[in-house]
Amino acid sequence: MSAAPVRPRDAAGMKRLALGLLLAAALLYALATALVPRHAGWGYLAAFAEAAMVGAIADWFAVVALFRHPLGLPIPHTAIIPSGKGRIGDNLAGFIATHFLATEQVLDKLREFDAAGRLAGWLARPANAERVGRQLAGVGRWAVQALDDEHVRGFVADLARRGLGQVEVARLSGQLLEAMTHERRHQELLDGVLAQLARLLGQDSVQDAITETIAREIRALKYVGLDQVAARLATRKVVVVVARTIIDMADDPAHSLRQRFDDMVEGYVTRLKDEPALRERGERLKRELLDNPALGAWVNQLWSELLAWLQADMGRADSSIRRHIAQATRTLGERLAGDAAVRAWINDELQAGAPRLIERYREDIRRYIAARVQAWDATEMTAELERHIGRDLQFIRINGTLVGGLVGLAIHAATHLWR
């Protein structure tokens with residue numbers, strides 16, 4: 001539990017109590033001194049009161065000397081805190097850097113802390129995952145609002161136009177085709193096309209359409225009623241030939257049609273990459289696209305629609321983005337909690353990286369603390385310290401009064417015993 005904040009009236013009350021004890025000791029001393037001739041016991045009270053006054057005044061001087069010059073007198077080695085705040089800042093910064101930021105202490109604390117385990121447990125809790133989703137969605141809504149600006153839309157459109165302007169269309173198309181045909185991937189595409197063609201030719205509707213087309217081309221047989229018969233025979237032959245060709249190509253990787261397909265693709269890739277005419281044609285098409293005002297309008301519309309969708313989604317109570325963020329956060333926490341190897345790796349990486357960070361920033365932290373203390377206003381710093389520890393310092397005055405009185409009483413008694 002953190003300590004309760006010190007209230008100014010508490011410190012003022014303690015000051016009044018310490019001053020009251022000093023005045024009480026002074027009154028007791030005057031009374032006891034006056035009554036000593038009547039009875040020797042008053043001498044003991046006088047000795048107690050005298051020593052109590054000395055202790056109270058001495059401790060008052062010591063307490064006040066910490067913060068200011070007692071009675072405004074420039075006594076040496078007083079107003080210690082205001083006059084020595086630079087030294088205090090250096091000593092405080094050095095103490096923190098030595099005892100709190102020492103490499104071994106930090107590493108020991110990291111080992112005890114188990115950062116990966118704590119992170120996994122925190123992320124896996126549904127309430128924390130929802131909190132992460134809400135926070136990131138809030139940041140996202142702010143970002144979307146900031147980006148929904150005319151200047152930003154113009155910047156995005158210009159960026160898109162500049163990016164497209166730097167693309168060599170023909171060469172890029174050639175590189176894409178080259179990547180697609182690497183390790184004969186285009187043959188898999190050819191197999192898919194052939195399979196689709198075989199399935200298409202096997203459909204009755206397609207065969208009927210072919211039959212009608214052939215029948216229209218052989219008008220001469222129409223007058224003797226053989227056009228449909230001949231068309232059906234021709235269609236059957238077409239289907240059989242195509243099916244046989246597909247089967248042959250599927251069974252033979254070195255089929256001549258496959259080789260011709262390879263040569264055609266390879267030649268087209270080479271032309272796209274190296275032929276000046278194709279490159280110039282691609283650049284001309286690109287320039288026409290960039291000069292078209294519709295491109296900027298399309299980019300602006302696309303940008304506005306994207307921002308509007310994001311804004312609408314993240315503003316809803318059942319936001320899909322927030323839900324997915326929360327789910328991803330919870331899943332990450334659960335998987336991290338269930339994977340001891342990954343947690344150990346994270347902790348090991350922290351242990352390995354911490355010494356470099358500590359050595360790099362320890363001196364910066366020390367200088368920062370010293371500079372901050374040095375930059376404090378002396379009056380403000382003194383008032384703040386006195387507000388926080390003033391009540392405890394008044395106990396020093398109170399204890400000094402009581403302890404001084406008891407010591408004076410003991411000395412007085414010992415003196416009488418010695419005599």
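Just so you know, all these numbers are worked out from the coordinates, no wet-lab data involved. Just so you know, these numbers come straight off a predicted model, no measurement behind them. Cβ: placed from backbone, ideal geometry, glycine included. Neighbour counts: every protein chain shown.
General remarks:
- Residue by residue, the range 21-37 carries 3J(HN,Hα) couplings of 5, 5, 5, 5, 5, 5, 5, 5, 5, 4, 5, 5, 5, 5, 9, 4, x Hz when phi is fed to the Karplus relation 6.51 cos²θ - 1.76 cosθ + 1.60 (θ = phi - 60°); x denotes Gly or Pro.
- With a Förster radius of 56 Å applied to the C-beta separation of E112 and A413, the computed FRET efficiency comes to 0.55.
- J(HN,Hα) series, the range 396-413, from Karplus relation 6.51 cos²θ - 1.76 cosθ + 1.60, nearest Hz, glycine and proline x: 4, 5, 5, 5, x, 5, 6, 5, x, x, 5, 5, x, 4, 5, 5, 4, 5
- Summary of packing: across the peptides 367-379, 47-59, the per-residue average of other C-beta atoms within 10 Å ranks them, highest first, as 47-59, 367-379.
- Protection proxy ranking, highest mean first, for peptides 396-409, 107-120: 396-409, 107-120, where packing is the per-residue count of other beta-carbon atoms within 10 Å, averaged.
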